[in-house]
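Heads up: the structure comes next, in structure tokens.
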2 protein chains.
Amino acid sequence: MAERSRRASRPSGDDRQEAILITTEALLQSRDFDSLSIDELAKGAGISRPTFYFYFASKEAVLLALLDRVIRQVEDRVAALSREFEADPASAWRRSIAAFVEVFSEHRAVATAAMAVRSRNAEVHDLWSRSMLSWVDYTAEVIEAERTRGAAPIGIHARDLAASLNLMNERVLLAAATGEHPAVTAGAELDVLVDVWVRSIYGVIPVSN
Amino acid sequence: MAERSRRASRPSGDDRQEAILITTEALLQSRDFDSLSIDELAKGAGISRPTFYFYFASKEAVLLALLDRVIRQVEDRVAALSREFEADPASAWRRSIAAFVEVFSEHRAVATAAMAVRSRNAEVHDLWSRSMLSWVDYTAEVIEAERTRGAAPIGIHARDLAASLNLMNERVLLAAATGEHPAVTAGAELDVLVDVWVRSIYGVIPVSN
DNA sequence: CGAGTTAGTCAACACGGTGTCGAGAGAACT
DNA sequence: AGTTCTCTCGACACCGTGTTGACTAACTCG
């Protein structure tokens, strides 16, 4: 209701920058990142193409800014995760994996665009890698703690196991998000992932007869 | 020594087509698929850019042809895999996974290019998916057989488990092939993957204290 | 208040890659 | 010798990117 006339005429630079981000994320809901042209992003934000370059150096830079927000959330979540696994390890892992699943699906459009672009764009690649690394670090620490307290059997290098499991999650969720085949049955992703994690961290092979 | 003069002047169409394929795979050893221009592929094959279009409709079509050859090998390997798991399941799985690892690393350049391109190219995507499906089918069949004979515990839907494990392999090997971080320690990929597979297929969680 | 600075804007341009068209060269068949 | 078929490429139209330089509107400080 308030703030009408005054700042009138031109929206501020921040508004414009934000408009570009919003337009991009909106277009990404239904379109391939590659198929977006800078002209579309500019038009969507109510500016001309050259003006777009005043705000961002490229399409990829916009995606990077979008991804950066998502990554922040990821880092907050990792920091907030409990390291308390003693009472009920399976449930604790489920909560951790659920955090990852949630971040991925809350920002499905940004996540899938980032996955598609990372192979050609170093910044996007690095930003996502950093995020994955924070998950892997957390996972490796917990696995080691579980082994130390005797809850999990000693096995392969904990960090390698942590990396494999996290890469599996990434790939399985990407396949689910983009509706690929093969993929895990829709809706069952979390159950399946938790099962593989728990079995490969705690599971032992019974001695055959 | 033989076949000198006669067929001289112009190389045949098949030679040219093959030259394009060879040039592309060679360039792919050291360069990003996206950074390759059609002009380079044409020049490398000793023809002009318009002539390139006589042989292939696009860069992607070349990659598709390259990938198709790899896929054939994959299918042959899947068909040749033994379904004999009773004597030594862990070794049998290791052989199966090794087949996948080998195909992936023998054709590292083509595989990584295909992974990078699949998100924007339906044909490449479908071809790779079909290949993954054949691995998943094989895996799911074996898991079910192992459960039926009582060697593996009944657990989550075998096909979902098979899909997750195969997607993990794909992602772990891609990370290894492109030197990403996080990745599994170089050289340890096969050991780590086999461990996760065997534990998640056969592993049981000991009842805690 | 008015001169200077800063932020923002865009028409016009240069460039590089893609894909097409149409003319033609050479082998091959008749 | 003529016709056809395969193959070849110069030249062109097109599209998306990124840059330049001139312009305008608002802020600010003497």
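Looking at the P(r) of segment B:60-202, how many percent of alpha-carbon pairs lie beyond 21 Å? Summing the P(r) of segment B:60-202 above 21 Å gives 43 percent of all pairs. Modelled spin-label separation between B:Ala151 and B:Glu86, with each label point placed 7 Å from Cα along the Cα-to-Cβ direction: 0.9 nm. Applying a length cut-off of 24 Å (Cα extent along the axis) and a mean Kyte-Doolittle floor of -0.5 to the DSSP H helices of chain A leaves A:13-30, A:59-80, A:89-106, A:122-148, A:158-177. Using a cut-off of 24 Å between alpha-carbon atoms, which lysines can reach A:Lys43, once sequence neighbours fewer than 8 places away in the same chain are excluded? Hits, sequence-local ones excluded: A:Lys59. Averaged over peptide A:158-166, the number of partner chain Cβ atoms lying within 10 Å of each residue's Cβ comes to 6. With the helix formula -39500 (n - 2.57) applied to DSSP H stretches of n ≥ 4, the protein assembly as shown reaches a computed 222 nm mean residue ellipticity of -22500 deg cm²/dmol.
For the peptides B:114-121, B:187-194, the ranking by packing is B:114-121, B:187-194, with the highest mean count of neighbouring Cβ atoms within 10 Å listed first. Say R0 is 35 Å: what FRET efficiency, to the nearest 0.05, do A:Ala186 and B:Thr51 get from their beta-carbon distance? Efficiency, from the Cβ-Cβ distance: 0.15. For the pair B:Asp15 and B:Glu123, the difference between a 0.36 nm per residue extended length and the Cα-Cα distance amounts to 36.4 nm.
Each reported figure results from applying straightforward, stated rules to the coordinates on display, with no laboratory input. Since we're looking at a predicted model, the values are computed, not measured. We place every Cβ from the backbone using ideal geometry, glycine too, and count neighbours over all the protein chains shown.
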